[in-house]
Structure formats: structure tokens, C-alpha cells
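Below is one structure, written out as C-alpha cells; comments come after it.
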Amino acid sequence: MTDIKDKTIPANVSDTVRQLIELQGDATDRDFCRKYNFALNETNWSKIRRGVYKGNPETAEGACAAMLRSIRERRAVTSKVRAGTKFIDFTPARTVKGRINLLMEEEGYNQNRLVMYLADSGRGKSALAREIVALHGGCIVEARESWRGSYFNALLDVCSALGVTGTDIERSPRRAEKALVAHLGDRRIILAIDEAEYFGPNSLNLLKFLLNQTKVIVLVLAIPELWDRVQTKSYVEARQIMRRTDHVERLDRIHPDEAERFLVESGVKLNGSAAEAGKKMAVHANKFGGFDLLKRVAVRLADEEEHTDDEVETTALGVLAMLGFKAGGVK
């Protein structure tokens, strides 16, 4: 690990290197290179930023220019996907983020780079995808009905999300695959695929292609029962994907402690009955809405006043009634 002791920028480095040094700040060379998946290792970067690198200058300048673009893209993505919102780090999310952190830090090639988060509607799938892309860079793409039977449609949607464009890629899957692999190179970024219940046997093969031919880390998000149906209908293809999977996290129920923490971290002030409020809210959230219901309740109660657990539950029942639910279910 290289410590940065002399922060003076040498006069003989290019403007690109100068900008990278400024972005690095106090981070060590090792941490800087790992964080942004630098094409040059920390030893080379240490020499480049000190102006003593003896390798091919054009290759180094190209790698530095690509990294500068990558950092700017990631920061733009972070600003866009977070949009000023706060992500509340519930337990399954921490597990998924931890697995992805390990995959991002791995050296060399590992085929098993697929992570799945399976949860019902309102259980934080899209929010988790936005948070992970904001942390590591990459993009989010939503699967759709046309993916069930078309490898090419799925491939073109992924190309578009990753910024691979041009009329040439629309001529054949082979050309699109070639352009996608060339565009990604050795970049280790996140490709989050939401609504993955729209997968079919052909689009499952796209996952296999990405894991075999690139270094992207794929995050798949889907509703558990619908994903189980995909696996049943596409058994052979699904087994090949399972072999390339690093981790599957499945959220079945929201624990009362999680519901309590969500309310408190969302700004709801509770007058000593936080645990009881968490128990009541977990019951309602697990019946319908999940974290989305908790968020709606929190928005209505996030003021300067303290609220009892009964007030929290009354608010939840009001939200459910507004959405068309009553004690016995849907109206």
C-alpha cells in the first residue's frame, strides 16, 4: 500500500493525470485503484502520478483518460440515482452489498459474479439497485415482456443501458455481443437487472454470456414466486446460471426491529413505544407494501411531534384504506 506523503503535483504530468491526482485526494494508491477499478495497478499509478513511469506513455495516457471518464460517469450516476434520497440499510441489503463489495475487490477472473435479491413488491429491490450502482458505478436496466422469448431484445436493452450504441449493433446479435464486450473491456462494474421475472430461456443465456465474456457483476432483482416460475420453465438454462451465482438473498418477512429502525431513521419520533410500533408496523408491512408502506407512514409522521404506537398504526391503516385495503383484504 502506497501512502501519499508528497501532495505536490509534478510539472511533467499531463492534465489528465493532474485531474486524477486531485480526485484521488488523500486516498492511498491501492484504495484509489481498487475503488475505481483502475486499468493500471497501484504500482504503475504511483509511478505515473510521480512522473517517473517508464512504460508506454500512450497506453498509460489512454488508461488514465478512460479512468477519468469512468470516475465522472460514476459521480453523475450517483447524483442521478440517489436524487437526494436516503437509503436505509436493512439487513438483507447489507448482506447483498457485502457480497458485491467482495466481488468488486477480487483479483483476476471469477465466473461466479451473479448476486440475486428476491423480495416481494415494496421490499426495497429498486432502492437497493440504485444504492449499489451509486456506490460502485454501472447501470440499471429493467427486463420486460419481450425478454421472455428474445435473446436479441434483451441484449439490445443491455447494450443501450451500458451506452453501447450504433446502428451496426442492431443488425445481428453477434455484432451486438462483439460491441458490448469491446465496450466493457476489463471494467468491473455493476449491471443491475430489475423486474427479472420477465426472463425466459433465451434471456437467461444472456446472463451466461455476460458472466463468461465480461467482468461485470450482475445483480438480479425479482419477486420470489415469479423467479421460481422462471427457473421451473427454463430448468436447464437456470441450472447453468445457478452455477455462476455467488449469492442469493431472499427476504420473506420484515422483522419488527427492521420496521422500528426504518421509522426512526426516516425521522419519525416515537414517545417510548418504538418497539411496540415496530411490531405493529411489521404485521401490516408483511401483509402488504413492505418498506413502501413504512415509507408512506413515515412521510405522514415525520414532523416535530412525538407519536404513540397507536398513532403509527392508525396512520398505517389509513394508508392501506387509501390504497384499497381494509382489515379483511382488498375492498
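The values are calculated or read from the model by the stated rules, or taken from the named source; none is laboratory data. Note that the structure is predicted; figures quoted are calculated from it, not measured. All Cβ positions, even for glycine, are placed from backbone atoms using ideal geometry, and neighbour counts span all protein chains on display. Note: accessible area is taken over every heavy atom of the protein model, side chains too, but ligands, DNA and RNA are not part of it. Shrake-Rupley method; radii C 1.70, N 1.55, O 1.52, S 1.80 Å.
Numbers below:
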| read-out | value |
| --- | --- |
| Histogram of C-alpha separations across segment 42-139, 10 Å bin width, % | 13, 33, 31, 17, 6, 1 |
| Rule-of-thumb Rg ratio for segment 33-72 [Cα; 2.2 N^0.38 Å; N residues] | 1.07 |
| The chain: most fluctuating residue of Ala222, Ala154, Ala179 per GNM, C-alpha cutoff 10 Å | Ala179 |
| Residue with peak Gaussian network fluctuation, the chain [Cα springs, cutoff 10 Å], from Leu23, Leu301, Leu210 | Leu23 |
| Å² of accessible area per residue within the chain, as computed with a 1.4 Å probe and no ligands counted | 51 |
| Glu306 versus Val52: modelled label distance in nm, points set 7 Å from Cα along the beta carbon direction | 6.3 |
| Nonlocal amide H pairs with Val220, under 5 Å, H built at 1.01 Å | Val115, Met116, Tyr117, Ile193 |
| Carbon plus sulfur fraction of accessible area for the chain, probe 1.4 Å, in percent | 49 |
| Zone residues, segment 129-153, relative to Gln240, backbone N less than 14 Å from point 7 Å out along Cα-to-Cβ | 151-152 |
| Difference of contour (0.36 nm per residue) and Cα-Cα distance, Gln231 to Leu317 | 27.3 nm |
| Most to least accessible of Asp29, Asp310 (protein chains only, probe 1.4 Å) | Asp310, Asp29 |
| Along each principal axis, Cα extent of the chain, largest first, Å | 72, 50, 32 |
| Count, lysine Cα pairs under 22 Å in segment 253-331, 8 or more residues apart or across chains | 13 |
| Distance between modelled label sites at Ser172 and Arg144, nm, 7 Å Cα→Cβ extension | 2.6 |
| Inverse of mean 1/r across different Cα pairs in segment 268-331, Kirkwood, Å | 11.7 |
| Pairwise label distance in nanometres, Thr43 with Arg253, each label 7 Å out on the Cα-Cβ vector | 5.4 |
| Net charge of Cβ neighbours under 14 Å - reference Thr245; Lys, Arg +1; Asp, Glu -1 | +4 |
| Segment Ala182-Glu105, extension gain: residue separation times 0.36 nm, minus the distance between their alpha carbons | 25.5 nm |
| Cubic angstrom per residue, convex hull over Cα atoms of segment 205-331 | 139 |
| Radius ratio Rg over Rh of segment 105-174, counting only Cα atoms, Kirkwood formula for Rh | 1.01 |
| Kirkwood Rh in Å, taken over all unlike Cα pairs in segment 105-234 | 14.9 |
